[in-house]
Amino acid sequence: MQALVIAAHGSHLNPDASDPTYAHADTVRETGAFDEVREAFWKEEPHFREVIRTLESDEVFVVPLFISEGYFTEQVIPRELRLEDWDPEKWESDGTDASQVTLEATDVGKTIHYCGPVGTHDAMTDVIVQRAESITEDPEVGEGFGLAVVGHGTERNENSAKAVEYHTERIREQDRFDEVKALFMDEEPEVDDVTDFFETDDIVVVPLFIADGYHTQEDIPEDVGLTEDYRLGWNVPAEVEGHRIWYAGAVGTEGLMADVILERAADAGADLGDAIERVRAATAVGTDEVRRETEPGTGAGD
Amino acid sequence: MTVAESADLEPLLAAAAEEGEVAFDGLRLERADDEYALETSETDRTGLDEAALRDALEPLEAYVSNWRYWQHEIGGDGTARRAFLRWCERAPIADAERIDHRSLDEPTLDVPERYDALADGIDREWGQLCITTRFVDVERPNGERVYDLWHVDDAGSDLADLEVYDDPRDARALATEDEDGRYRPLKTAPTLRSGWAFTGLSGRGLVDAVEFFYPATVANWHRELRDELDVDHWLETAERQSGIYDVIDELPREAVDWMAEACCVDSQCLRRREWQYEEGDELDVDGGDGPFPCREPCSLVVAAARKWTILESEEERTYELELTTTELNQLSALIDAVAEGRTDEIREADVHDGANRYRARYLRAKRFDDEGGIEATEQNSE
């Protein structure tokens, strides 16, 4: 038997924080690729600390639903899962290369394939592009459009910016959008000045965040100038200084994220059959069933 | 339905042929040299050929279908899921028989007793959940059980008055908000809303739904039943924290008692607190009465402990402020009303209650300064 655990942050204050985790877990459940699929959280239940013991499977694939390698993926999750012999060096990553490492959870004696975060997987690049497609409702979007990939950015974790820059570069290489830029909330170049960085009339702004919350539903819309007060809402697209801004909300709410979770597990050796192909087909832009479940929520994050 | 008509007998005979003996829930069937020995609490036969065995099993149909249900349908030998489903119908639980556990205070039932009871449904309570195990077909029971699940407050309600669900995942949404629409970050808070029911769940579906309502409670209960619960006491959990929670191991010993009294009692959480300050140093506060244990401080307690660690690191000071005796008493009433969550229950015109909103507004208007703080002068400590 094999199980999948999707490890996410969650929130004590806001139920929307766990919505994408539940939505992607359900998409994976429906493929039947795993005998068991479980959501686990730092701030909600089941907590990382107790999730493995709720599983009957001996092979467990743990995929962190986080954007970057850093404090949570390198310290908190492995510690709370009681992964024996964990050391960040085992990922042999310089910030965006973590794939997986096989360890034992000491309290349950099960084999744990601890995967890198979803945010740094190559398949994440496709999710960012699909986010642009779904917000413009145009599967061909690209020509005449600029794309801004927005990260939090922080001095405490240089990997946070690396993930954003990594995908930005990969999308730029696809030569699909006229311009592609990495922008940040807390470091240069800042998302407040988004229109300064683009010559295109249309700019799609995709925040590289897992869940909608304070940053994606309050901070960024006001900083970018989409609205004076987030409580009044904003239009998509919205006119800002002569540009049309297509603001997408957190990329983590896009249905195709379930594919990245499966890719991580597949890289770690999970037997998935044709689950990846089926998830890609089911989460393609224009598939109403999946879109409905992953509509972004609103409200303050924790 | 007779044994001969049911599909249960052939797998039983095959299992006896393969393993030489089947022994389960009071039924023992042994096969040697094409002869069978059959034993239950009412039966003890040996030297039966197959035809005689079929006749002998005829009045024992319950044992046969019970064996099939548990061994073929539920399976999962040694799992928490199986133990929980056994508990739901008051069947003996493997490995738990020698343990004196509060969830096992009702005597177990043997197969004939259970079959009688399952016709009416066997009820169990798990926190605020009520679980009924019953036969799918009461008239002609074939061993097939299904499970109904609802809020204990709805035990007397008509099913037609409840929202009925059949997908265990719907439990996630039901557990998200309380009756007043407030978010419930703590799944085991005694604030689960009522008015819903799951009917006709399979065994696996029931356990999934219970786990969505109360995550990890079944696994930890099962560990406790086997005397294998791994408790992490306060100090171990506190010392493990990093980042902004790194400080919480500095929370003074007596404050951990206050914290448990604030957060970890039955009125706030249905898990029974088994963790103490550290091994051999028990907290004064009662851990609660629930069937499922709490094996270490949860993330809410850890988050709150940070606040209290910072608070407890502050020096105590002496302030002088002007209050009448009634106003001083009113401060107690206000704090008590918030701590007990009864501010919503205080009637608009009940000005006898110190936590009445008009009384609170009057106190603020009279005694608070322009910044919204109480007017007080710090006394010079020298």
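The values are calculated or read from the model by the stated rules, or taken from the named source; none is laboratory data. Quick caveat, the model's predicted, so the values are computed rather than measured. Every residue, glycine as well, gets a Cβ built from its backbone with ideal geometry; the counts of neighbours run over all protein chains shown. We work out accessible area using only protein heavy atoms, side chains counted, and drop any ligands, DNA or RNA first. Shrake-Rupley method; radii C 1.70, N 1.55, O 1.52, S 1.80 Å.
Helix-only arithmetic for chain B: the sum of -39500 (n - 2.57) across DSSP H runs with n ≥ 4, divided by the residue total, places the mean residue ellipticity at 222 nm at -10000 deg cm²/dmol.
If you count the DSSP beta bridges with both ends in the protein assembly as shown, what percent of them are antiparallel, to the nearest 5? Antiparallel bridges: around 50 percent, rounded to the nearest 5.
In chain A, the DSSP-assigned H stretches of four residues or longer account for a calculated mean residue ellipticity at 222 nm of -7500 deg cm²/dmol, using -39500 (n - 2.57) per stretch and the full residue count as denominator. Residues of region B:297-326 that bury at least 50 Å² of accessible area once all protein chains are present, compared with their chain alone (1.4 Å probe, heavy atoms only, ligands and nucleic acids left out), are B:Ser299. Per residue, the accessible area of chain A comes to 38 Å² when a 1.4 Å probe rolls over the protein heavy atoms.
Counting only lysines at least 8 places from A:Lys43 when in the same chain, those with an alpha carbon closer than 29 Å to its own are A:Lys90, A:Lys110, A:Lys162, B:Lys187, B:Lys307. Taking the 1.4 Å solvent-accessible surface of the protein assembly as shown as the whole, the part contributed by carbon and sulfur is 42%. Chain B against chain A buries an accessible area of about 2600 Å², both chains summed, 1.4 Å probe radius. Over region B:52-160, the hull volume per residue, using the convex hull of the C-alpha atoms, is 125 Å³. For region B:27-114, the solvent-accessible area works out to 49 Å² per residue, with a probe of 1.4 Å and every protein chain left in place. Taking accessible area as the heavy-atom solvent-accessible surface of the protein chains with a 1.4 Å probe, which residues of region B:206-232 lose no less than 50 Å² upon going from the isolated chain to the full protein assembly? Output list: B:Pro215, B:Arg223.
Counting 0.36 nm for each residue step from B:Asp227 to B:Asp369 and taking away their Cα separation leaves a gain of 45.3 nm. Expressed as a whole percent, the proportion of Cα-Cα pairs in region B:23-67 lying more than 18 Å apart is 17%. On C-alpha positions alone, give me the angle between the axis of helix A:123-136 and the longest principal axis of chain A, in degrees, nearest 10. For A:123-136 against chain A, the angle is about 40 degrees. Going by a ≥ b ≥ c, the root eigenvalues of the Cα gyration tensor, does region B:224-289 fall in the rounded group (a/c under 1.5), the prolate group (a/b larger than b/c) or the oblate group? Cα axes put region B:224-289 in the oblate bin. Applying both filters, DSSP loop and at most 12 other Cβ atoms within 10 Å, to the GluC sites (Glu not before Pro) of region A:168-210 gives A:Glu199. Of the trypsin sites (Lys or Arg not before Pro) found in region A:140-190, those that fall in a DSSP loop while having at most 13 other beta-carbon atoms within 10 Å are A:Arg156.
Roughly what angle does helix B:203-213 make with the longest principal axis of chain B, taking Cα atoms, 0 to 90 degrees, to the nearest 10? Computed tilt is about 0 degrees.
Look at where the Cα atoms of region B:102-168 and of region B:179-224 average out, and the two centres are 16 Å apart.
Around the Cα centre of region A:175-249, unit charges on the Cβ atoms of Lys, Arg, Asp and Glu (plus for the first two, minus for the last two) sum to a dipole of about 440 debye.
Computed about its Cα centre, the charge dipole of the protein assembly as shown is approximately 980 debye, with only Lys, Arg, Asp and Glu carrying charge at their Cβ. In a DSSP loop and with at most 14 other Cβ atoms within 10 Å, the GluC sites (Glu not before Pro) in region B:308-352 are B:Glu314, B:Glu315, B:Glu316, B:Glu322, B:Glu340, B:Glu348. Along the axis of the charge dipole computed for region A:129-174 (Cβ charges of +1 for Lys and Arg, -1 for Asp and Glu, origin at the Cα centre), the listed residues A:Val149, A:Val164, A:Ala132 are led at the positive end by A:Val164. In the elastic network of chain B, a GNM with C-alpha springs shorter than 10 Å, the most mobile of B:Ala339, B:Ala155, B:Ala32 is B:Ala339. Could you work out how far helix B:299-312 tilts from the main Cα principal axis of chain B, as a 0 to 90 degree angle to the nearest 10? On a 0 to 90 degree scale, this one is about 20. Beta-bridge orientation, chain A: approximately 25 percent antiparallel, per DSSP, counting only bridges with both partners inside.
In straight-distance terms, cross-link reach from B:Lys366 covers every one of the lysines whose alpha-carbon lies under 22 Å from its own, apart from those fewer than eight places away in the same chain; here that gives an empty set.
Per residue, the solvent-accessible area of region B:115-226 (1.4 Å probe, heavy atoms of protein chains only, all protein chains present) comes to 39 Å². With a/c under 1.5 counting as rounded, go ahead and sort the protein assembly as shown into rounded, prolate or oblate using the C-alpha gyration tensor (a ≥ b ≥ c being the square roots of the eigenvalues; past the cut-off, prolate if a/b is larger than b/c, else oblate). Oblate, since a/c reaches 1.5 and b/c is not below a/b. Using a 1.4 Å probe on the heavy atoms of the protein chains only, list every residue of region A:1-22 that has 40 Å² or more less accessible area in the complete assembly than in its chain alone. Those are A:His12, A:Pro15, A:Tyr22, which lose 40 Å² or more relative to the chain on its own. Quick check on region A:206-253: take the gyration tensor over C-alpha atoms, sort the square-rooted eigenvalues as a ≥ b ≥ c, and tell me if it's rounded (a/c under 1.5), prolate or oblate. The shape class here is oblate.
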